Amino acid sequence: MEPTPVPLDEVDLADLDVFVENRAWGMFDTLRREDPVHWCEEHDGGSGFWAITRYDDIEKVDKDPETFTSMNFTNLEEPPPEHQERRRSILETDGPRHLALRKLLMRDFSVAQLRRYEDFLRGLASSTVDAALQQEEMDFVDAIAADYPIAVLARLLDTPEEMTPQLIAWGNEIVGFSDPEYARVLVNSEEAQKYRHLPFSSPVSLEIFEYGRKLAAERTGGDADDLVSKLVNRIPEDGVPLSPEHYDNYFLLLVVAGNETTRQAISHSMKALIDYPEQRQWLLENPDKMQIAIEELIRWASPVYHFRRTATRDVEMHGKTIKKGDKVVMWFASGNRDETKFDDPYELRLDRMPNDHMTFGKGPHTCMGSNLARFEMRIIFETLLPRIAEIEQTGEIRRVRSNFVNGIKQFPLRIVSK
């Protein structure tokens, strides 16, 4: 269903209520048509940003790190210069150093490497679905969407099962940095000023760091196969070892990114399959098309609304002058609904081909875990969908208060199993 149109003078992508109420899509449509390079004021002390909403423009920005750098940070927050090095992760790094940091773990997320986990993933998916279907009424996020990917992450990090609820809580608080239900300190609040040296200005970062350091101390010098062991025992190919701070930030990123985006993609995909029952039936009748269907579900879900870059020089786009130092925000979710790239973008078409979506980015920062996310989604839906006799949404979806993560907090369902 196409969204309600929004007049240009009412567009406000800095208003978090817009995202809680799921009204951003109409704004994206207006901007793509009328003002594809649009200046947005911020309401929390931020300096404002340019919203880039057309697919081709987003791709151009993402593939040009010399003009649009990640070095000045990649969400809307503006960390003070004196804290930027301490907070820098692979996300806030460009050029050869970025590639060297990616290569530390990139091959571990290759399709060939991930196939080693297929039996584990299928067993985990079966046990997750079995447990969920014990109850007809459930919160799908809690029962399946959050539980499954975090258990996968725990296996890759080799953390004990009893740590899983803590990993979920940490992820919630980090990506929910602007949601009072999740964050004990809101990202741009006065209290957050004392935490500006930490990722997302969040005190929870210290807890994640402490746990990561404990694992590093146990595994340094060993030859185990988990991601932490590889991170602490490999030297980046540029010969520059990870500093303690950069290890902290890399570990935090694994904990958060390895869980949250897949969880949101699974939740949004289930919502789509309920809203389009004929598409769900088509998929059941064509199980060999699951991989194609997953790409459409990933496009549809768009679990991360945006990433930010910073202009390194003055640049003209669509008649606007982006000044050196301006924040430039790539709205990937808008690109995934660009009607010049996708016929009927607001229709779920599980057989859509080609499907060159931008959910995982389009440039050198393309999501390193994209193969894992696809793998997890394919296996969980191959496991779950044949078990469903009846399914209906039984209450309102509650969304994360954020214009960064397209997050679902609560998704009440009734499922009758076969």
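The values are calculated or read from the model by the stated rules, or taken from the named source; none is laboratory data. Keep in mind the model is a prediction, meaning the values are calculated, not measured. Counting neighbours? That spans all protein chains shown, and the Cβs are built from the backbone with ideal geometry, glycine included. The area values use the complete protein model at the heavy-atom level, side chains included, leaving out ligands, DNA and RNA. Shrake-Rupley method; radii C 1.70, N 1.55, O 1.52, S 1.80 Å.
The set of residues from the range 297-324 being open to solvent by less than 50 Å² (accessible area, probe 1.4 Å) and free of Cβ contacts under 8 Å to residues at least 60 places away in the same chain comprises just one member, 300. Yes or no: the range 189-202 includes at least one residue that is of a type in the set (S, T, N, Q), more than 20 Å from residue 408 (Cα to Cα) and surrounded by fewer than 19 Cβ atoms within 10 Å (Cβ to Cβ). Within the range 189-202, one or more residues are of a type in the set (S, T, N, Q), more than 20 Å from residue 408 (Cα to Cα) and surrounded by fewer than 19 Cβ atoms within 10 Å (Cβ to Cβ). Given the structure, is residue 269 open to solvent by less than 40 Å² (accessible area, probe 1.4 Å), farther than 24 Å from residue 116 by Cβ and outside any loop (DSSP other than H, G, I, E, B)? Yes; evaluated as a whole, the condition is true for this residue. Only one of these is within 20 Å of residue 243 (Cβ to Cβ) and out of contact with any helix residue (DSSP H, G or I) (no Cβ under 6 Å at 6 or more places or on another chain): 59, 92. Name it. It is 92.
Please indicate, with yes or no, whether at least one residue in the range 384-399 is touching a Pro at 6+ places or on another chain (Cβ under 9 Å), free of Cβ contacts under 8 Å to residues at least 40 places away in the same chain and farther than 23 Å from residue 305 by Cβ. Yes, some residue in the range 384-399 is touching a Pro at 6+ places or on another chain (Cβ under 9 Å), free of Cβ contacts under 8 Å to residues at least 40 places away in the same chain and farther than 23 Å from residue 305 by Cβ. Of all residues in the range 257-274, those satisfying the criterion of being within 9 Å of the chain's Cα centre (by Cα) and of a type in the set (A, V, I, L, M, F, W, C) are 257, 265. Going through the range 11-23 one residue at a time, which ones are farther than 20 Å from residue 180 by Cα and of a type outside the set (D, E, K, R)? Within the range 11-23, 11 is the sole residue that qualifies. Taking residues in the range 42-66 that are within 13 Å of residue 327 (Cβ to Cβ), and partners anywhere that are open to solvent by 80 Å² or more (accessible area, probe 1.4 Å) and of a type in the set (D, E, K, R), the pairs with Cβ atoms closer than 8 Å and at least 6 places apart or on different chains are 48/41.
The set of residues in the range 346-362 that are open to solvent by less than 10 Å² (accessible area, probe 1.4 Å) and over 26 Å from residue 418 (Cα atoms) contains only 358.
Is it the case that the range 140-157 has a residue that's among the β-branched types (Val, Ile, Thr), assigned to a helix (DSSP H, G or I), modelled with pLDDT under 95 and in contact with a helix residue (DSSP H, G or I) (Cβ under 9 Å, 6 or more places away or on another chain)? Yes: the range 140-157 contains one or more residues that are among the β-branched types (Val, Ile, Thr), assigned to a helix (DSSP H, G or I), modelled with pLDDT under 95 and in contact with a helix residue (DSSP H, G or I) (Cβ under 9 Å, 6 or more places away or on another chain).
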